[in-house]
Amino acid sequence: MPDHRSSRWSEILGRIPALEGLPAEDLAPLARVVEPRRFHTGEVVFREGEPVRAIYLVGRGMVKAATADGEGREQILSVLARGDLFPHVGLLEGGGYPATATCLEESELGEVSRAAFLAVLSRNPDLTVRLLLLFSQRLRLLQDQVRELTLADAATRVARILERLARRAGLPGDDGLRLPPHLNQETLARMAGVTRETTNRVLARFRREGSLRVTAEGLVVLDLEGLAGRSRSPADPRPDQGG
């Protein structure tokens, strides 16, 4: 009799770009050790510095990964949605979680203990190679974000974040991609490392240019490609270049 629960998690795993193309039998060993867990809005999945005990796969909902500076100000590192695995560091070598993960809405996460995850990797080399590629890609993205925080101006940072969020979590509508209400000005400010006031000024500029609509229900991205063009600085490599 088929295991419908593991089949569902196999389907979610198969949507991860780095795992696309792997046959179902290669994903099944990992899917079988997934333990579904439900979290409420605002509930903490794990805290920064706690020993890494598990990896999580988002089945439904949305999670933010954030850290705090010495003065307690929150810096959001990423927003995770369906099909995202996290954390990407600390799992193989042990140690502590690199950030605090908090659910932004009612969420269902698939939990895999560190021991079970490492056991699956030891027996499935093809899956291991793909997951290492995934973790490498995520680390590259984090490096790019650090570069943005130090080199890019506020408008470029906000444009890049809006573009990423719209592609990842935007809900298609007649006039554009609508972001969930919790992906608001405050969230953008904490992801971009700028003040709420600066974020509001940047969004007002995007609104005047026709790239964005700000409504009571949330932000609507009207011109995704326009944001993508704005977010690429002259120093950035084009998609067909290496780096």
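The values are calculated or read from the model by the stated rules, or taken from the named source; none is laboratory data. Computed from a predicted structure; not experimentally measured. Using ideal geometry, Cβ is built from the backbone for each residue, glycine included, and neighbour counts are taken over all protein chains shown.
Tabulated results
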{"item": "Residue selected from the range 86-114 under the condition of a type in the set (Ser, Thr, Tyr) and buried (at least 18 other Cβ atoms within 10 Å of the Cβ), by the criterion nearest to Glu186 (Cα to Cα)", "result": "Thr102"}
{"item": "Residue list for the range 1-14, restricted to those being surrounded by 11 or more Cβ atoms within 10 Å (Cβ to Cβ) and at pLDDT below 85", "result": "Asp3, Arg5, Ser6"}
{"item": "Every residue from the range 162-186 that is free of Cβ contacts under 8 Å to residues at least 40 places away in the same chain and not charged (D, E, K, R)", "result": "Leu171, Pro172, Pro181, Asn184, Gln185"}
{"item": "Filtered residue count, the range 186-199, keeping only those that are surrounded by fewer than 17 Cβ atoms within 10 Å (Cβ to Cβ) and under 20 Å from Gly61 (Cα atoms)", "result": "1"}
{"item": "Given (1) of a type in the set (D, E, K, R); (2) over 24 Å from Leu162 (Cα atoms); (3) touching a strand residue (DSSP E or B) at 6+ places or on another chain (Cβ under 9 Å); (4) not in a loop (DSSP other than H, G, I, E, B), index of the condition Glu48 fails", "result": "(4)"}
{"item": "Leu171 vs. criteria farther than 16 Å from Leu77 by Cα, exposed (fewer than 14 other Cβ atoms within 10 Å of the Cβ) and either modelled with pLDDT of 90 or more or of a type in the set (S, T, N, Q) (or both)", "result": "yes"}
{"item": "Candidate set: the range 115-164, residues that are β-branched (Val, Ile, Thr) and under 30 Å from Leu227 (Cα atoms); chosen: the one surrounded by the most Cβ atoms within 10 Å (Cβ to Cβ)", "result": "Val158"}
{"item": "Qualifying strands (runs of 3 or more DSSP E) (wholly inside the range 65-126; at least 3 residues being under 17 Å from Gly49 (Cα atoms))", "result": "74-80, 100-103"}
{"item": "Pairs with Cβ under 9 Å, 6+ apart, first in the range 24-51 and at positive phi, second surrounded by fewer than 18 Cβ atoms within 10 Å (Cβ to Cβ) and assigned to a strand (DSSP E or B)", "result": "Gly49/Gly96"}
